[in-house]
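A short write-up of the structure that comes next.
The values are calculated or read from the model by the stated rules, or taken from the named source; none is laboratory data. Bear in mind that the values here come from a model prediction, so they are computed numbers and not experimental data. Don't worry about glycine lacking a Cβ; one is built from the backbone with ideal geometry, like all the others, and counts go over all protein chains shown. Note: accessible area is taken over every heavy atom of the protein model, side chains too, but ligands, DNA and RNA are not part of it. Shrake-Rupley method; radii C 1.70, N 1.55, O 1.52, S 1.80 Å.
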Amino acid sequence: REKTEQVARSMAPQFRERSVSLEKEDVADGRFSISNEHFTSVLSNLLSNALKYTPPGGTVAISSKWDEQAKELILRVRDSGVGIAPEDQKRIFDKFVQIKHRDASTPGSVGLGLAIVREIALRYHGGVELESALGKGSTFTVRFKVQRVPEMEKDLLAVSNNEASTL
């Protein structure tokens, strides 16, 4: 929860400037065996893309949950943006691919953000899923196979294991 709040706070001015609402829905509490850098990179990339393709007055929502049975941390970023055409949905995770929409008013990037998200998810034996429809927005779901750090071990592991992140 802490890391999610921190990333959302750091990006809030950009969302306000573009008149896009940033909402935090259910956010998993706890500490997980994913590095702060990796979690921040994934969430920042997803939020940046959502902001880029969501028009003023739109909404971007963050949620996460812990699936105890699957031992998965599931991060979801949903937007009410322009959506992604079915023919583009597979290739947007490839390096140096960027889909430009006719009405996009923001400058292009080099197309590495979603490739980075996918690579980090794969590093944790997870993956990325996309649900999108043109004109209806997109939902990116990232799954990380990680361990949940028990509360009683939290302080001990915070000192000895820099791979644990508090979301």
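Here are the numbers for the structure shown:
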read-out	value
Single unsatisfied condition, L47 versus (1) free of Cβ contacts under 8 Å to residues at least 60 places away in the same chain; (2) over 30 Å from V149 (Cβ atoms)	(2)
One residue from G111, G137 being open to solvent by less than 40 Å² (accessible area, probe 1.4 Å), at pLDDT 55 or above and touching a strand residue (DSSP E or B) at 6+ places or on another chain (Cβ under 8 Å)	G137
Search result, residues across region 1-21 that are over 22 Å from A121 (Cβ atoms) and out of contact with any Leu (no Cβ under 7 Å at 6 or more places or on another chain)	R9, P13, R16, E17, S19, S21
Residue check for V82: surrounded by 16 or more Cβ atoms within 10 Å (Cβ to Cβ), under 12 Å from the mean Cα position of the chain (by Cα) and β-branched (V, I, T)	no
I99 being surrounded by 15 or more Cβ atoms within 10 Å (Cβ to Cβ), modelled with pLDDT under 90 and closer than 24 Å to G58 by Cβ	yes
Of all residues making up region 54-79, the number that are free of Cβ contacts under 8 Å to residues at least 40 places away in the same chain, open to solvent by less than 60 Å² (accessible area, probe 1.4 Å) and within 19 Å of T40 (Cβ to Cβ)	2
Near pairs, Cβ below 8 angstrom, 6+ apart or cross-chain, from region 23-39 (more than 12 Å from V149 (Cβ to Cβ) and open to solvent by less than 20 Å² (accessible area, probe 1.4 Å)) to any residue that is assigned to a helix (DSSP H, G or I) and among the polar types (S, T, N, Q)	V27/T4
Residue list for region 116-153, filter: under 29 Å from G83 (Cβ atoms), of a type in the set (A, V, I, L, M) and without any contact (Cβ under 8 Å) to a residue 60 or more places away in the chain	L122, V128, L130, A133, L134
